[in-house]
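Only the coordinates and a few stated rules stand behind these numbers; no lab work does. Remember, predicted model here, so these are calculated numbers, not experimental data. As a convention, Cβ positions derive from the backbone with ideal geometry for all residues, glycine included, and neighbour counts pool all protein chains shown.
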Protein chains: 4
Amino acid sequence: MIVVMKIDSGEKELNEILKRLTKEGFTGHLSRGVERTVIGVVGRTYPELRDMLELLPGVEEVIPITKPYKLSSREFQPQDTTIKVGDLNIGGEEVVVMAGPCAVETEEQVVETARAVKAAGANILRGGAFKPSTSPYSFRGLGEDGLKILARAREETGLPIITEVMTPQDVELVSGYADILQVGARNMQNFILLDEVGKARKPVMLKRGMSATIEEWLLSAEYILSQGNRQLMLCERGIRTFETYTRNTMDVSAIPIIEKLSHLPIIADPSHGTGKWHLVAPLALAAVAAGADGLMIEVHPSPDHALKDGAQSLTFENFQRLMAQVVAVAASVGRKIAGSAKG
Amino acid sequence: MIVVMKIDSGEKELNEILKRLTKEGFTGHLSRGVERTVIGVVGRTYPELRDMLELLPGVEEVIPITKPYKLSSREFQPQDTTIKVGDLNIGGEEVVVMAGPCAVETEEQVVETARAVKAAGANILRGGAFKPSTSPYSFRGLGEDGLKILARAREETGLPIITEVMTPQDVELVSGYADILQVGARNMQNFILLDEVGKARKPVMLKRGMSATIEEWLLSAEYILSQGNRQLMLCERGIRTFETYTRNTMDVSAIPIIEKLSHLPIIADPSHGTGKWHLVAPLALAAVAAGADGLMIEVHPSPDHALKDGAQSLTFENFQRLMAQVVAVAASVGRKIAGSAKG
Amino acid sequence: MIVVMKIDSGEKELNEILKRLTKEGFTGHLSRGVERTVIGVVGRTYPELRDMLELLPGVEEVIPITKPYKLSSREFQPQDTTIKVGDLNIGGEEVVVMAGPCAVETEEQVVETARAVKAAGANILRGGAFKPSTSPYSFRGLGEDGLKILARAREETGLPIITEVMTPQDVELVSGYADILQVGARNMQNFILLDEVGKARKPVMLKRGMSATIEEWLLSAEYILSQGNRQLMLCERGIRTFETYTRNTMDVSAIPIIEKLSHLPIIADPSHGTGKWHLVAPLALAAVAAGADGLMIEVHPSPDHALKDGAQSLTFENFQRLMAQVVAVAASVGRKIAGSAKG
Amino acid sequence: MIVVMKIDSGEKELNEILKRLTKEGFTGHLSRGVERTVIGVVGRTYPELRDMLELLPGVEEVIPITKPYKLSSREFQPQDTTIKVGDLNIGGEEVVVMAGPCAVETEEQVVETARAVKAAGANILRGGAFKPSTSPYSFRGLGEDGLKILARAREETGLPIITEVMTPQDVELVSGYADILQVGARNMQNFILLDEVGKARKPVMLKRGMSATIEEWLLSAEYILSQGNRQLMLCERGIRTFETYTRNTMDVSAIPIIEKLSHLPIIADPSHGTGKWHLVAPLALAAVAAGADGLMIEVHPSPDHALKDGAQSLTFENFQRLMAQVVAVAASVGRKIAGSAKG
């Protein structure tokens, strides 16, 4: 932490700050510049210290220089985290594809979709049984019945299941069915839920909040990791900007940034990332080209009859076409889709 | 809902859409313009219909024209909602002031602050026992012990208490102590929590999410109202923008907008809205001038020793000075601070 | 400037950086923390140095600690800048009110409006002769004819004129008519234009760009000041955020921030700041309560016939009503409207 | 345009609006829904009409349904625009690569870079002679001397030149040297400059403003096209969001969106789009995978000595490595880099 002094501050203020630092267990290291004096704070600092110091007389601003997250950083763990789900190795050399309907509606819908996406090359089945919905009057999911339907689709196809858990009380229930627990964008800072999935024995996929900085996202990851669950992957799903043509602006740069700052696998969700089915394919390819470890794609047997997010869902045919392109782009950057023959 | 057809669409597509509308129980009303044909959809539409129609061949876009919220709208209830808390009438002619520390730290800190803010003219004591924190390594609150301390401060001063509830399981516990339940910005779309406080018998204050549109905020209000709890007030606390000088950008325009669109009382929180103590006073005055029904202000006996958010907390002295100004500005717009002699 | 070293960097990298600093004419001042080593760069740094240093091996990041603007800062000039325009003192104790139509349409419209706003207490007439327009097919202003109309309205009413100049070539022309040159939001980083108004002998009002940070705004001010023109005032007119209900989100906090960081007067434009006439009054009052040195308000004899921005224009009657409220709020914060009897 | 009436509006208001529409030369087409009545406005509407109608009594809101841009839309011109620059066909099947230093510094620097990027496969040389700079104290370019240096590099290498023009007066001068005129992000709404390059006989590349919506960008394109210059390409270079890790957030989705809405070629600039050299390669590949017609990349012989934007510049070696990857990714989506053997 660096304390930057005001230009007109004097020795008295300086001494007060050094005294306070000593009192809090730190050492202050003075550096006098041409215009300003700065104090380097030596010791294991914490975020609140910044607020405290910034209030002291003579202080212009306080600049943190250590990252507030640790377990999720590449400095802490240089080698990539890989997560084993069945035969899959998420975060390894292969790119995994999760596909399925936004919401679980009927057994027929889910099983049919599971078969179709498997045939096209998907590795994991997605589907929401508990659905966050902006409006209380919209479809909110089938709950445990939905989980049972997903389990049946897994039996039929062998595809592992990823599904969202929305509240701490449901973590145990959802863990009983799911292979991967998903924490949605709106819950990225639902800290009690993060604690709870941090105690679960299942891999977790943490979506980025729609106005979360990369740093806040990694701090939310830290909640889960610090509870002991190291089977964690992240998912970029679009952020909120001023642009209104798309539902969200997919931040493709988050993919290489996460790869640089963290050892955690990074998945891309171009369905939520754009909100429009015709943008899903180009953004999926972009994500793979930028280094994503996986894709999450919404697929529905009949998008114009979907109970949720039809506008961003692919038909079976469009998904199949996309998979062929994904295989090719992955090959062009030296990767392959899990389970596929190399490009 | 208005279906806008593509310029190059023909009669066949038009007929398909009209057929589909009939099947879903709506009537389509055609209007042929110079460039485009549009179809007015007559019937009680719902959000998912938009997605469905937008996917049909020949459709350029679908524009909703009814607001998705109802119970929270002024069209539904033209007269202002007022909420009785002890002798106070929140949402009435008087402006209420909630003040206190960000986090409950010790009994002494809270009781001392409660006395000071009461003496300065505050009407309600704020203080967090359960604290959302971006980092798992920061102070997360005293929990039930914190609630007990707040209750003791209420005994001492007679000030009603507002405090945050972070997760559905805690609603009952927190309701046992609090006079007003606060739902924080990060939980504005924690829908299970909204359901739960919607069933509680206590007034609720719902903060705006940091990237929530006004419409989404009113939809979250709708969750609470539709569960039967009509004692609801809203709180503007700053939104996330590109500006980095402030922690958030306080959207003062949200105050008159809420007043126009909704009957719910609107409170302003310039402490979180700015993140810097020296901006709290000017933004508090701005909020009152713009028509806020109340203020929420962080006050701490010694901000540079606060365990949380010291940088945005006022000292007792600064709070006292602010209250005098607030009284004057309220008078200038024809209102008074609850409990004060009129400006 | 502070150079933060990577955790795994060693003495070799450190020495390279110190050598480079010496070569560029700076001294490096080492400070070894628990986790990281940082180097304080002593000397008159410049922005490009940051890029250069950040690219050197072993460097994690480089943090600037001096503000990049000087002439516009309060550190450089502690006392407020005041600008004399006729009898007015902009930036002094009194609050000035600029009012008039968005665009100059006809002599009748402008003179009628000038009389009405003067009668209601406005001090300066605004009106656009050169109009920036998002679409090439919209009204772009009357050009010099518009300037002549403004001059005639000044003759009639004695009100000084503020009007926009859009391009360097027009600075001389517009200076021949205007009392204050306005640089619009879209031109805040039209650097050649800034140079040119910096050489003009007229006061300038620089609007904030719609996605400009406070720092960038002050750097644009620096362009004008560094050319020698010190008669400069700033104008907050709303920034672009994700909210779509308003045209812009008016950043009321910018008012006290500018007052803290700079000595330049700060004007508020709630007409562009909100884009809706019914929000103009509450935001104008908020701006005055927050400490604005002036207001800029769009007024039109018949807003629903305006050629530009009718939706955000006040009628004469609404403007008159607003002025009474502005006088009262100004008084409540210890100020008066220029030319008015004190509250 | 659709006029949506308030729920409580009556026949009187309806008739007034219909009368007004007739007076302005439009026909109103009534459609009575369950909750609201809407009026379809038939005729060639214009943006200001919206403001006018929205102010009439009984009107809730007015929704435009025609796009405000015409010449730039795919509806107006279904086939792709291609622009011939020497042997290149920008906007055709091949992907073009523009590369070079941010700013022209010396002849040696530019010629050396031009040779290196040509050898690596670039098709066009970029370099700024007139440089927009946030600070007046930063390097602002060599002006005409810089243009001469670029011309000499063209002689040496045969590479056509793209360079920025910042102000209307310079259009003729810059046209005398450049093969493509670049309008920078900060000038996207410098309308006088747009007019002027619209009259030039050179191809133009229009960068997206950092807070411009897609629609505003296409309207700025419309300025240029409507002046008669149809040799226009667009360039996505990152938008401003709340994220601070990157200088801008590159909106990769803008690439397929522009391709859908417009016939104009779309170029991607990952150097400005990210602001960090280590993100340039992944975002360049992402852009090509998403369908970009070209890339613009900053390359410098010695980025840590660059006078401008060194942090986002690639070394020759890194650029060469990137080109090999770009060739592979382009091939994977069925395209090739201009001048290269197909992947």
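Among A:18, A:279, A:147, the residue with the largest mean-square fluctuation in a Gaussian network model of chain A, with springs joining Cα atoms closer than 10 Å, is A:18. The charge dipole of the stretch C:2-63, taken about its Cα centre with unit charges on the Cβ atoms of Lys, Arg (+1), Asp and Glu (-1) only, comes to about 260 debye.
GNM on chain A, alpha-carbon springs under 10 angstrom: the most fluctuating residue among A:68, A:57, A:101 is A:57. Ascending distances from the residue C:10 label point to its copies in the other chains, with the point 7 Å along the Cα-to-beta-carbon line: 4.8, 7.5, 8.8 nm. Applying the Karplus relation 6.51 cos²θ - 1.76 cosθ + 1.60 with θ = phi - 60° to the stretch D:238-246 yields 3J(HN,Hα) values of x, 10, 8, 10, 6, 5, 10, 5, 9 Hz, where x marks Gly and Pro. Label-point distances for residue D:324 to the equivalent site in the other copies, using a point 7 angstrom along Cα→C-beta, read 3.0, 7.4, 7.9 nm when ranked shortest first. Counting neighbouring beta carbons within 10 Å and listing from fewest to most, the residues B:340, C:135 come out as B:340, C:135. With a simple spin-label model that places each label point 7 Å from the Cα along the Cα-to-Cβ direction, the separation between residue A:227 and residue D:302 comes to 5.4 nm. Each label was represented as a point 7 Å from its Cα along the Cα-to-Cβ direction; for residue C:260 and residue D:61 these points are 3.5 nm apart. Rounded, prolate or oblate for the protein assembly as shown? Axes are the square roots of the Cα gyration tensor eigenvalues, ordered a ≥ b ≥ c, and the cut-off for rounded is a/c under 1.5. Rounded, because the longest to shortest axis ratio a/c is under 1.5. Please give the Cα centre distance for the stretch D:319-339 versus the stretch B:220-237, rounded to the nearest Å. With the stretch D:319-339 and the stretch B:220-237 each reduced to a Cα centre, they are spaced 54 Å.
For chain D, the mean residue ellipticity at 222 nm estimated from helices alone is -10500 deg cm²/dmol, where every DSSP H run of n ≥ 4 contributes -39500 (n - 2.57) and the total is divided by all residues, rounded to the nearest 500. In the stretch B:92-232, the C-alpha radius of gyration followed by the widest Cα-Cα span (Dmax) gives 14.9, 43 angstrom. Here chain A is treated with +1 on each Lys and Arg Cβ and -1 on each Asp and Glu Cβ, and its dipole about the Cα centre works out to around 460 debye. Copy-to-copy label distances for residue D:79, where each label lies 7 Å from Cα along Cα-to-Cβ, are 5.8, 6.9, 7.1 nm in order of increasing length. Looking at the protein assembly as shown, the DSSP beta bridges with both ends there are about 40 percent antiparallel. For the segment B:57-63, counting C-beta atoms of other chains within 10 Å of every residue's C-beta and taking the mean gives 2.
For the rotation carrying C onto D, the chain C residue whose Cβ lies nearest the axis, with the distance in whole Å, reads C:211, 2.
Please find the FRET efficiency linking residue C:317 to residue D:80, where r is the Cβ-Cβ separation and R0 is fixed at 45 Å, and quote it to the nearest 0.05. Walk me through the numbers before you get to the answer.
Details: r = 54 Å, r/R0 = 1.20.
Step by step, r from the Cβ atoms, then E = 0.25.
For the stretch A:80-171, the calculated P(r) over all alpha carbon pairs, in 5 Å bins from 0 to the bin holding the longest distance, is 3, 15, 23, 21, 18, 13, 6, 2, 0 percent.
For the stretch A:220-261, how big is the tail of P(r) above 15 Å, as a whole percent of Cα pairs? Beyond 15 Å sits 56 percent of the P(r) for the stretch A:220-261.
When only the Cβ of Lys, Arg, Asp and Glu is charged (+1, +1, -1, -1), the dipole of the protein assembly as shown relative to its Cα centre reaches about 0 debye.
Tell me the Kirkwood hydrodynamic radius of the stretch D:2-63 in angstroms, computed as one over the mean inverse distance between distinct C-alpha pairs.
After inverting the mean inverse Cα-Cα distance, the result is 11.4 Å.
Cα centroid distance between the stretch D:6-25 and the stretch A:242-276, in Å? Cα centres, the stretch D:6-25 to the stretch A:242-276: 46 Å. If you fit an axis through the alpha-carbon atoms of helix A:11-23 and take the longest principal axis of the Cα set of chain A, what angle between them do you get, 0 to 90°, nearest 10? Result, in degrees: 60. Looking at the stretch B:1-137, the pairs of alpha carbons with a distance over 19 Å make up 68% of the total.
Each of C:206, A:322 has some number of other Cβ atoms within 10 Å of its Cβ, and from fewest to most they run A:322, C:206.
Test of understanding: in a Gaussian network model of chain C with alpha carbons linked when under 10 Å, which of C:252, C:97, C:42 would top the mean-square fluctuation ranking? Among C:252, C:97, C:42, the largest mean-square fluctuation in the Gaussian network model of chain C belongs to C:42.
As a proxy for reagent exposure, ranking A:1, D:205 by other Cβ atoms within 10 Å from fewest up yields A:1, D:205.
Ranking A:58, A:5, A:30 by Cα position along the charge dipole of the stretch A:2-63, where only Lys, Arg, Asp and Glu carry charges on their C-beta atoms, puts A:30 farthest toward the positive end. Across the stretch D:158-287, the convex hull enclosing all Cα atoms gives 110 Å³ per residue.
As a ratio to 2.2 N^0.38 Å, the alpha-carbon radius of gyration for the stretch C:233-343 is 1.05. Say R0 is 25 Å: what FRET efficiency, to the nearest 0.05, do residue A:23 and residue B:152 get from their beta-carbon distance? E between residue A:23 and residue B:152, to the nearest 0.05, is 0.25.
At 4 °C and 1.567 mPa s, what whole-number value in µm²/s does Stokes-Einstein give for the translational diffusion of chain C, with Rh from the Kirkwood sum over Cα pairs? Intermediate values should be presented prior to the final figure.
Values: Rh = 21.6 Å.
Rounded, D is 60 µm²/s.
Amide H to amide H distances under 5 Å link residue C:313 with C:277, where only residues 5 or more positions off or on other chains count and H is placed in the peptide plane.
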